[in-house]
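Q: Let me begin by handing over the structure; questions about it come next.
FYI, it's all coordinate maths here, none of it is from the lab. All figures in this text were calculated on a predicted structure; none of them were measured in a lab. Using ideal geometry, Cβ is built from the backbone for each residue, glycine included, and neighbour counts are taken over all protein chains shown.
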Amino acid sequence: MRRTPLHEQTVVITGASSGIGRQTAAHFGHFGARVVLAARNPEALAVAAREVEDAGGTALAVPTDVSDWEQVAALADAAEREFGRIDTWVNNAGVALYGTIAQVTPEEIRRVIEVNLLGEMYGTKAAFTHMRPYGEGVIINVSSALARRSVPLQSAYCAAKHGVSGFSESVRLELKRHHPGISLVEIMPASINTPLFAHARSRLGAMPMPIPPIYEPEMVARAIVRAAERPPREAVAGRSARLLLNGQTLSARLVDRYLLFAGKGERDQHSRRPDDGTDNLFAPSAGPGSTHGDWNDGAPNGTATTRLAVSRPARTAALAAAVMGGGALLLRRGRH
Ligand SMILES: NC(=O)c1ccc[n+]([C@@H]2O[C@H](COP(=O)([O-])OP(=O)(O)OC[C@H]3O[C@@H](n4cnc5c(N)ncnc54)[C@H](OP(=O)(O)O)[C@@H]3O)[C@@H](O)[C@H]2O)c1
């Protein structure tokens with residue numbers, strides 16, 4: 001089916017005040033799209049909206065808390081009122097919580113599920129409701145590599161992301177059968193250099209950090225914009241994410257052992273930076289915000305990485321098998 005060209009599209013993006021969402025908004029702006037930006041921090045949203053306009057797009061900022069259905073429905077109404085229809089909807093808003101299950105509170109667990117899972121479910125429902133009369137559109141749900149393989153210290157986050165995967169798979173089947181012009185895409189990024197880790201609530205006694213290698217948000221933004229034009233079923237952004245997923249398929253037990261080896265799965269998420277005690281779990285981020293964090297570790301970026309992961313599954317599976325084989329050897333040697 002022919003998709004609406006990007007310069008004619010109206011795109012709603014949640015979590016557009018920071019990181020991946022904000023970078024994606026600017027990318028759509030570059031193509032001349034009409035971009036509706038949603039998040040809670042009005043100051044950062046206004047700056048992000050200016051970035052869209054500077055890039056060549058048209059912007060509308062709508063302060064929204066995605067954990068509240070009424071607000072998500074109002075966001076969709078505002079987009080349609082302003083621009084006539086919605087072509088693409090990107091569910092991207094997210095929060096992070098670091099700590100063992102003993103350390104995190106029931107209120108914190110609930111909040112992560114409300115924002116990261118219910119927020120995407122509400123966004124999908126609102127988007128569908130507005131796309132249905134036209135019989136076409138693309139819904140893009142940003143989950144994570146952790147949607148398929150959990151790590152320690154992020155149990156609520158991993159649960160929410162697994163939930164997004166399961167939810168998306170179910171709705172995709174409904175759409176394919178009853179509304180084939182509406183696509184649902186899941187995007188699974190690897191570790192990305194965004195303010196997510198500064199925004200996270202941490203019980204680690206330190207600021208958390210992305211598990212290396214760390215890619216830049218432009219890579220995910222490109223994958224999302226591509227999906228709006230030619231929607232795949234799902235896309236993995238970052239070769240390390242594909243390796244993790246392939247490793248999980250080959251042997252979940254071996255990945256367990258890799259993550260447990262010398263406490264690697266936990267150590268890799270502790271930074272040496274102090275935690276400043278601020279986070280955006282219950283209240284919005286403060287200030288003008290940004291697209292990037294300061295975790296650049298020089299990992300290779302660019303479309304080649306994503307393309308390899310997305311379009312050469314056999315080769316990446318072989319690579320993963322090799323890496324996992326190497327990991328198994330190391331583990332065996334470590335025991336002797
Ligand atoms: N960075 C990574 O390594 C990584 C890896 C895989 C997947 N992801 C996923 O990518 C998405 C974007 O994350 P990011 O890395 O760009 O983090 P980020 O820079 O912290 O951005 C998160 C965005 O979500 C918004 N948000 C949080 N709670 C919200 C709520 N209740 N209602 C509306 N907006 C809310 C934040 O803005 P306000 O505070 O202004 O509301 C912000 O705009 C998330 O779903 C995340 O799980 C990230």
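Q: Dipole size in debye (nearest 20) for the chain around its Cα centre, Lys and Arg Cβ +1, Asp and Glu Cβ -1?
A: Values: 38 positive and 32 negative charges, 358 e Å.
So the dipole magnitude of the chain works out to roughly 1720 debye.
Q: A follow-up question, please. Taking square-rooted eigenvalues a ≥ b ≥ c of the alpha carbon gyration tensor, is region 210-259 rounded, prolate or oblate, where a/c under 1.5 means rounded and, failing that, a/b exceeding b/c means prolate? Walk me through the numbers before you get to the answer.
A: Values: a/c = 5.01, a/b = 1.77, b/c = 2.82.
It is oblate, given that a/c is not under 1.5 and a/b is not larger than b/c.
Q: Moving on. Of the trypsin sites (Lys or Arg not before Pro) in region 1-101, which ones lie in a loop per DSSP and count no more than 12 other C-beta atoms within 10 Å? Present the calculation step by step, with values, prior to reporting the outcome.
A: On the way: sites: ARG2, ARG3, ARG22, ARG34, ARG40, ARG50, ARG81, ARG85; in loops: ARG2, ARG3, ARG40, ARG85.
Those that pass, being in a loop and sparsely packed, are ARG2.
Q: Once amide H atoms are built 1.01 Å from N in the peptide plane, which residues 5 or more positions from ALA237, or in another chain, come under 5 Å H to H?
A: MET188, ALA190
Q: Once you have a ≥ b ≥ c as the square roots of the Cα gyration tensor eigenvalues for region 179-301, tell me rounded if a/c is under 1.5, and otherwise prolate or oblate according to whether a/b is larger than b/c. Present the calculation step by step, with values, prior to reporting the outcome.
A: On the way: a/c = 1.97, a/b = 1.18, b/c = 1.67.
In terms of gyration-tensor shape, oblate.
Q: Collect residues whose amide H, placed 1.01 Å from N in the peptide plane, falls under 5 Å from the amide H of HIS270; neighbours closer than 5 in sequence don't count.
A: Amide H neighbours of HIS270, under 5 Å, 5+ apart: MET209.
Q: If you average the alpha carbon positions of region 6-53 and of region 101-177, how far apart do those two centres end up, in angstrom?
A: Spelled out, the Cα-based centre of one part sits 20 Å from the other.
Q: How large is the helix-only mean residue ellipticity at 222 nm for the chain, computed as the sum of -39500 (n - 2.57) over DSSP H runs with n ≥ 4, divided by its residue count, in deg cm²/dmol to the nearest 500? Each step should come with its number before you reach the end.
A: Numbers: 13 runs with 159 residues, N = 336.
Per the formula, -15000 deg cm²/dmol.
Q: Another question about this same structure. Put +1 on the Cβ of every Lys and Arg and -1 on every Asp and Glu Cβ in the chain; which of LEU184, VAL90, VAL12 then has its Cα farthest towards the positive end of the dipole?
A: Towards the positive end, the residue furthest out is LEU184.
Q: Now a separate question. So what are the ³J(HN,Hα) numbers for region 136-149, from phi and the Karplus equation (6.51, -1.76, 1.60; θ = phi - 60°), rounded to whole Hz, Gly and Pro as x?
A: Karplus-based 3J(HN,Hα) across region 136-149 equals 8, x, 10, 10, 10, 9, 7, 9, 4, 4, 6, 6, 10, 9 Hz.
Q: What residues qualify as long-range amide H neighbours of VAL138, i.e. H under 5 Å apart, gap of 5 or more or another chain, H built at 1.01 Å from N?
A: HN-HN under 5 Å from VAL138: THR88, TRP89, SER183.
Q: Calculate the spin-label point distance for ALA46 paired with TRP69, positioning each point 7 Å from the Cα along the beta-carbon direction, and give it in nanometres.
A: 3.3 nm
Q: While we're looking at this one, here's another question. Going by a ≥ b ≥ c, the root eigenvalues of the Cα gyration tensor, does the chain fall in the rounded group (a/c under 1.5), the prolate group (a/b larger than b/c) or the oblate group? Don't skip to the answer; put the middle values down first.
A: Numbers: a/c = 1.76, a/b = 1.39, b/c = 1.27.
Prolate is the answer for the chain, as a/c is 1.5 or above and a/b outweighs b/c.
Q: Setting aside same-chain residues fewer than 8 positions from LYS125, which lysines have a Cα under 30 Å from its Cα?
A: LYS161, LYS176
Q: For a Förster distance of 51 Å, can you work out the FRET efficiency between the beta-carbons of ARG81 and ASP276, rounded to the nearest 0.05?
A: Details: r = 39 Å, r/R0 = 0.77.
It comes to 0.85.
Q: Among VAL255, PRO217, PRO63, which residue has its Cα positioned farthest towards the positive end of the charge dipole of the chain, with +1 placed on the Cβ of Lys and Arg, -1 on the Cβ of Asp and Glu, and the dipole taken about the Cα centre?
A: Most positive-ward Cα: VAL255.
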